[in-house]
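**Q** One structure is given below, represented as structure tokens, and several questions about it will come after.
Derivation of every value follows stated rules applied to the coordinates shown; laboratory data play no part. The structure presented is a predicted model; accordingly, all values stated were derived computationally and were not measured.
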Amino acid sequence: MKRNNKNALTALLTRVRRIIELTRQQNDLESQVREKTAEIVAQQEKLRRLNVQIVMALSGAVDAKDKYTNGHARRVADYSREIARRCGFDAEEARKIYLIGLLHDVGKIGIPDAIINKPTQLTDEEYEITKQHPELGWHILQNIREFPELAIGAHWHHERYDGKGYPDGISGSDIPVEARIIAVADSYDAMTSRRSYRDVLPQKVARDEIEKGVGTQFDPVFAKAMLDMIDEDTEYKLRQK
């Protein structure tokens with residue numbers, strides 16, 4: 001009987017030691033998993049920051065071509081992000097729209113400087129050349145497989161809600177949502193930026209034009225958000241962002 005008790009105790013102690021060893025191994029494994037996860041998260045964040053820096057550098061190169069509206073892409077990106085935020089987009093969606101806004105005019109890289117910086121209004125032929133920049137932007141960005149929306153924003157930000165825009169003449173919800181947001185922001189900044197042939201338009205004029213385009217040029221929801229932003233900007237500081 002004593003031997004049986006001793007054998008049972010030895011077996012129990014062996015099982016306890018085994019459980020303790022397995023628990024230690026599990027804790028070690030969980031610690032390693034946490035460390036590796038932290039490393040992956042850090043690498044992802046580093047890659048994310050690098051992507052943003054690349055986008056901003058490319059956006060800066062585009063902006064630098066136009067001496068009259070330098071900073072246009074950044075302002076459009078800021079307005080677009082705020083429109084998205086006001087319309088219920090989450091933080092990550094708004095961040096993506098900001099990046100899309102930064103590169104909406106990337107196709108202007110392919111437009112001659114002489115046209116972009118012409119000190120007088122464009123001829124019909126020159127205007128047709130500038131209208132090529134959405135498709136040029138599409139071709140530049142479409143190979144970025146991890147962020148296809150970049151190309152979408154560049155391609156369709158000159159479409160109109162009523163279908164009278166370019167390059168494809170699509171309308172309403174057929175226009176990607178990112179492009180509908182950027183279209184409003186882009187128009188506002190175009191009106192409130194100095195051009196070679198005119199000065200900055202008064203805030204009221206810009207507001208009236210946005211309001212006039214609700215449901216025709218612009219998506220009503222996003223245009224309403226832009227109008228609210230303008231109405232809150234009583235000291236005309238939006239363009240100083």
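**Q** Please list the equivalent ellipsoid semi-axes of the chain, computed as the square roots of five times the alpha-carbon gyration tensor eigenvalues, in descending order and whole angstrom.
**A** Ellipsoid half-lengths, sorted descending, are 57, 20, 16 Å.
**Q** Taking only Cα atoms and a 10 Å spring cutoff, compute GNM fluctuations for the chain and point out the largest among 137, 101, 169.
**A** Top of the fluctuation ranking is 169.
**Q** Using θ = phi - 60° and the Karplus form 6.51 cos²θ - 1.76 cosθ + 1.60, what ³J(HN,Hα) does each residue of the stretch 101-108 get, whole Hz, x for Gly and Pro?
**A** These are the phi-based 3J(HN,Hα) values: x, 4, 10, 5, 9, 4, x, 5 Hz.
**Q** Pull up all non-local amide H partners of residue 193: gap of 5 or more, or a different chain, and H-to-H distance under 5 Å with H placed in the peptide plane.
**A** Placed amide hydrogens put 201 under 5 Å from residue 193.
**Q** When only Cα pairs under 8 Å and 6 or more residues apart are kept, what is the percent relative contact order across the stretch 64-240?
**A** Computed value for the stretch 64-240: 22 percent relative contact order.
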